[in-house]
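Worksheet: one structure, shown below.
Taken together, the values in this text are just the output of simple stated rules run on the coordinates, not laboratory data. Since this is a predicted model, take the numbers as computed values, not measurements. When we count neighbours, we look across all protein chains shown, and the Cβ atoms used for this are built from the backbone with ideal geometry, even at glycine.
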Protein chains: 2
Amino acid sequence: MQKKEENMNEWFNELIRETELVDDRYNVKGFVIYREWCAMSLKKMYNIFESVLNKKNHMPLFMPVVIPEQNFYKEAEHVKGFTPEVFWVTEHGDKEKLEEKLALRPTSETAFYQMYSLWIRSYNDLPYKRYQSGSVYRYETKATRPFLRGREFLWIETHCAFRDEKAALEQIQEDMETTKEVITNVFGIPVLFLQRPQWDKFAGAVNTYAADTITQNGKFLQTATTHYLGTSFAKAFDVKYKDENGKDNLAHLTCYGPGISREFGTIVAIHGDNKGLRFPFEIAPKQIVIVPVLIKGKEKEVLKKVKDIYKKLSKTYEVILDDNTQKTPGEKFYFWEMKGVPIRIEIGPRDIENKKVGIFRRDLNSKEFILEKDLTKTISKIAKEFTSNLKNQAEKAFTENIVEVKDMKALEKALESNKVVRAPFCSIDKDGEKYADMIKEKTGAEIKGIILTKETAPKELCIASGKPAKHYVYIGRGY
Amino acid sequence: MQKKEENMNEWFNELIRETELVDDRYNVKGFVIYREWCAMSLKKMYNIFESVLNKKNHMPLFMPVVIPEQNFYKEAEHVKGFTPEVFWVTEHGDKEKLEEKLALRPTSETAFYQMYSLWIRSYNDLPYKRYQSGSVYRYETKATRPFLRGREFLWIETHCAFRDEKAALEQIQEDMETTKEVITNVFGIPVLFLQRPQWDKFAGAVNTYAADTITQNGKFLQTATTHYLGTSFAKAFDVKYKDENGKDNLAHLTCYGPGISREFGTIVAIHGDNKGLRFPFEIAPKQIVIVPVLIKGKEKEVLKKVKDIYKKLSKTYEVILDDNTQKTPGEKFYFWEMKGVPIRIEIGPRDIENKKVGIFRRDLNSKEFILEKDLTKTISKIAKEFTSNLKNQAEKAFTENIVEVKDMKALEKALESNKVVRAPFCSIDKDGEKYADMIKEKTGAEIKGIILTKETAPKELCIASGKPAKHYVYIGRGY
């Protein structure tokens, strides 16, 4: 197998195929099948995200997958940004034309907000927080790649309405906390929160805020974005509320989109190693595998023991008992390590004599023998610390992969050695775009944005324009 | 409000609008929005169904929403049955044609089985049991109606492959048990399992088996179907396995489709009453509502008490505390009864003095006062018996609505008084179709099929053809 540190892209491609997460042989370009092992985990990811959103007073909706063409033309920036990527449903049955073309939703602002115009009446209805879990469709012209760029991807989109900008920006904060709570703490993925440059924001937004991770080979990978939409969509779709004085006001809208299939790919890319996948404990399709070590004449005793343990642990965890007799224990160890099961329990006749069990943990790739009576306690301890071990390992690489640079030469050098950089830059407003283009042309790297914590402006000059720098920006190549 | 017993259709339409389950003002015909209260319940329905399927060794997949046109043409019966109903994606971006037309899946046999041809290699891979949860799309030409007939509906589809017909038919049995386990026992809906006549089976199937309920106004409502597909799809998509001797064999396929949005509508129709919705306990969006009865000067004491109870019960149940001060307790009672919350707890200052709480239960629409110390025990008792009370009430109407008839005149009379019938009929094979057409023309009723338990053939003559009757069939109007 390809080594991760030698060629991460090839390693990723081989790994997702070898572990049967995905099948890219479906006969429509850019559409893949998320297979069993992956699908079980995706469903857990959805459940965790939804329960956090529910706790924060969002409510679910199921919106139609199609959006009439006319809806797109209501918000000028949005139509410009999205129309080139839309799949259109135009016919039904035997070549009969539909009365109006229908878009397969590439995102659902233009479906939600016409309904918000009917549902939101007064300030009492605000904040109005809703979400939908599902797939969206974009005709990607770049090379597609399972999980990271496809024409159909799984995500959640929230759409929220507020009285004013202040309340809307508080929602942006809450969305970032949600990202941290789920993507960092449950999925173990460290992220940087960045405000995107004006030329790289969501079509129709005032501002876009992203949560980017950095892969071990020094590339940015976007895991979620949240957008402050101001009142432009509210104006286009007539989303108004009556205030305490009976006066009509436009609502301020935000939307948040954590990508579920993309985050799954991120988890594979960030936590995987040269043995295979490593799943964060809570979203592992199976959390524990039990492998009996069968030796002739003692099979019965060992099988009884593993079945007892299987039964006991199954009350709390998702457990597999791999008692297949066609494979050796060594083959099973190799297989389940590759599949990323967090904990393996091994038991042979000698272990039973010694009242011990072997425990292999995939976060540290280490094995120890413990007394069988300590099993439940040990498992519960490993379960608790598993994901934070993955996270700590990821954070180390993440931090090491950001370097400070002060000029173009240092930037190029950093990119060559697979790093992303933090550098002084003149402006992330419209007037900075040409310097961003210059950097892109010279190095292939993009300006990903500025960090959201307040920083004092740099004293240095912009690395691209030579003008006074307004911010430190993050620059790098991306997936 | 319209009374259920006077005009069930109108009652249903009013109820789903009044309770904001659905919004049918979305600007694409036949596509509706499932709103918050409904969406919360739909998610629970999915979770329950999926956990039962998982326990029976099905595994989840996420398949693409689009299916290339060529796939449809592989199975002749299937293309004939489904093409008229397909929505076609033909363009992308600015009027650019796709290389091949893509169907929005109306059902996914033609997507799954080409992959099964790659995934299934030998008898060791069988049985092969997979499912997908999601939406499907059909260009319905009949009048659409929220939940019961739409152009987009939510369902689960399982697709299973077996060595032979025997194993496949055992799966059909398992599917019917699953229907009973979930639809009858958890959703409280009584069903009849019927084998559909040959002229009314799934396009491409050998046989179709349905689980039909009967509404209080005497109409059939299909809740789930399972199909034995034989080997025709396996042949069309090359789904083969090598047996123990290395010989290639065609797999026998089955598929099962419980409709989630349709079942939701069925639950509304069957359990709802003139006060509003009644949710089965496990799938209620909220299971308990607490209403404080606030009397001037004693607000603080009452609010403290209801908050304590809210906190305690929230550990086990999904609870709302309705402490809105703009509405009277009476308005709240009316509202939450309409919304179908199973249990209401009322507490006023006098109740606190008497150490009592009021409990209203929506299954029996009855109220009692109990000692506060018995609250947890009482709630847990009501929770346990709630759904079976709904089921028993439904079963009574269900059984009363089936009548035996022996001739056409009795059939017509039964239909006029809103019943469905059981009657001797010549044949549900192709040769019976013309007599079914005759009945349909005369009465508007359809032959829904024969019951699956073995019965001795009737001694009477067929009510339509006058020939010897082969079976008792169920006949009625349907949704």
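For chain B, take the longest principal axis of its alpha carbons; what is the angle in degrees between that and the long axis of helix B:375-400, to the nearest 10 within 0 to 90?
Helix B:375-400 sits roughly 50 degrees off the main axis of chain B.
Could you pull out the GluC sites (Glu not before Pro) across the range B:243-299 that fall in loop regions by DSSP (anything but H, G, I, E, B) with no more than 11 other Cβ atoms inside 10 Å?
Values: sites: B:Glu244, B:Glu263, B:Glu282, B:Glu299; in loops: B:Glu244.
Loop-located and lightly packed - B:Glu244.
Once the Cβ-Cβ distance between A:Gln173 and A:Thr328 is put in as r, and R0 is 56 Å, what FRET efficiency do you end up with, to the nearest 0.05?
0.55
Looking only at Cβ-Cβ distances, which cysteines of chain B have no other cysteine closer than 4.7 Å?
B:Cys38, B:Cys160, B:Cys255 - these cysteines have no disulfide-compatible partner (Cβ-Cβ under 4.7 Å) in chain B.
Amide H of A:Ser122: which non-local residues (sequence gap of 5 or more, or other chain) have their own amide H closer than 5 Å, using H built in the peptide plane?
Result for A:Ser122 returns A:Lys242.
Explain nothing, just compute: Karplus ³J(HN,Hα) = 6.51 cos²θ - 1.76 cosθ + 1.60, θ = phi - 60°, for every residue of the range A:36-44 in order, whole Hz, x for Gly and Pro.
3, 5, 6, 4, 4, 6, 4, 5, 5
Can you give me the distance in nm between label points at A:Arg25 and A:Arg163, each placed 7 Å from the Cα along the Cα-to-Cβ direction?
In this crude spin-label approximation the distance works out to 6.0 nm.
Using alpha carbons only, how many degrees (0 to 90, rounded to 10) separate the axis of helix B:433-443 from the longest principal axis of chain B?
For helix B:433-443, the angle is close to 40 degrees.
List, shortest first and in nm to one decimal, how far the label point of B:Asp374 (7 Å from Cα along Cα→Cβ) is from its counterparts in the other copies.
Taking the point 7 Å beyond Cα along Cα→Cβ, the inter-copy spacings are 5.0 nm.
Going by Cα centres, the range A:283-310 and the range B:356-411 are how many Å apart?
Going from one Cα centre to the other spans 46 Å.
Write out the trypsin sites (Lys or Arg not before Pro) in the range A:417-479 meeting two conditions: DSSP loop, and at most 13 other Cβ atoms within 10 Å of their Cβ. Intermediate results must be reported in sequence, preceding the final value.
Working: sites: A:Lys419, A:Arg422, A:Lys430, A:Lys434, A:Lys440, A:Lys442, A:Lys448, A:Lys454, A:Lys459, A:Lys470, A:Arg477; in loops: A:Lys419, A:Lys454, A:Lys459, A:Lys470.
Answer by residue number: A:Lys454, A:Lys459.
Taking the Cα-to-Cβ direction at B:Lys242 and at B:Glu140 and moving 7 Å from each Cα, how far apart do the two end points lie in nm?
That separation, rounded to one decimal, is 4.8 nm.
Loop-only check: which trypsin sites (Lys or Arg not before Pro) in the range A:323-372 are DSSP coil with at most 14 other Cβ within 10 angstrom? Working shown, then result.
On the way: sites: A:Lys327, A:Lys332, A:Lys339, A:Arg344, A:Arg350, A:Lys355, A:Lys356, A:Arg361, A:Arg362, A:Lys367; in loops: A:Lys327, A:Lys355, A:Arg362.
Answer by residue number: A:Lys327, A:Lys355.
Copy-to-copy spacing for B:Thr453, label 7 Å out on the Cα-to-C-beta vector, in nm, shortest first?
Ordered by distance, the counterparts are at 7.1 nm.
All other residues with a Cβ under 11 Å from the Cβ of A:Phe335 taken together, and with Lys, Arg as +1 and Asp, Glu as -1, what is their net charge?
On the way: positive: A:Lys275, A:Lys327, A:Lys332, A:Lys339, A:Arg344; negative: A:Glu18, A:Asp322, A:Glu331, A:Glu337.
That works out to +1.
Sketch the reach of a paramagnetic label on B:Lys434 as a point 7 Å from Cα along Cα-to-Cβ, and name the residues of the range B:450-479 whose backbone nitrogen lies under 13 Å away.
Taking a point 7 Å out along Cα→Cβ of B:Lys434, the residues of the range B:450-479 whose backbone N falls under 13 Å are B:465-467.
How much net charge surrounds A:Thr376 when only the other residues with a Cβ under 14 Å from the Cβ of A:Thr376 are counted, with Lys and Arg +1 and Asp and Glu -1?
On the way: positive: A:Lys311, A:Lys312, A:Lys315, A:Lys373, A:Lys377, A:Lys381, A:Lys384; negative: A:Asp308, A:Glu372, A:Asp374.
Value of the local net charge: +4.
If the label for B:Lys396 sits 7 angstrom from Cα along the Cα-to-Cβ line, what are its distances to the same label in every other copy, in nm to one decimal, shortest first?
6.9
Name the residues whose placed amide hydrogens come within less than 5 Å of the amide hydrogen of B:Val473, ignoring near sequence neighbours (fewer than 5 apart) on the same chain.
Excluding prolines and chain starts, which carry no amide H, the hits are B:Ala423, B:Phe425.
If you add up the charges near B:Asn207, with Lys and Arg at +1 and Asp and Glu at -1, over every other residue whose beta carbon is less than 9 angstrom from its beta carbon, what do you get?
Working: positive: B:Arg196, B:Lys201; negative: none.
Around B:Asn207, the surrounding residues sum to +2.
Taking H placed 1.01 Å from N in the peptide plane, check which residues at least 5 places from A:Glu100 or on another chain put their amide H under 5 Å from its amide H.
none
Can you work out the Karplus-derived ³J(HN,Hα) for every residue in the range A:72-80? Use 6.51 cos²θ - 1.76 cosθ + 1.60 with θ = phi - 60°, whole Hz, and x for glycine or proline.
Computed from phi, the couplings for the range A:72-80 are 5, 7, 7, 10, 4, 5, 5, 4, 4 Hz.
For chain A, calculate the relative contact order in percent as a whole number, restricting contacts to Cα pairs under 8 Å that are 6 or more residues apart.
Working: 923 pairs, mean separation 66.5, N = 479.
With pairs under 8 Å counted, the relative contact order is 14 percent.
Can you give the relative contact order of the range B:258-349 as a percent, counting alpha carbon pairs under 8 Å and 6+ residues apart?
Working: 119 pairs, mean separation 41.0, N = 92.
It comes to 45 percent, rounded to a whole number.
Against the longest alpha carbon principal axis of chain A, how many degrees, from 0 to 90 and to the nearest 10, is the axis of helix A:165-179 turned?
Tilt relative to chain A: about 20 degrees.
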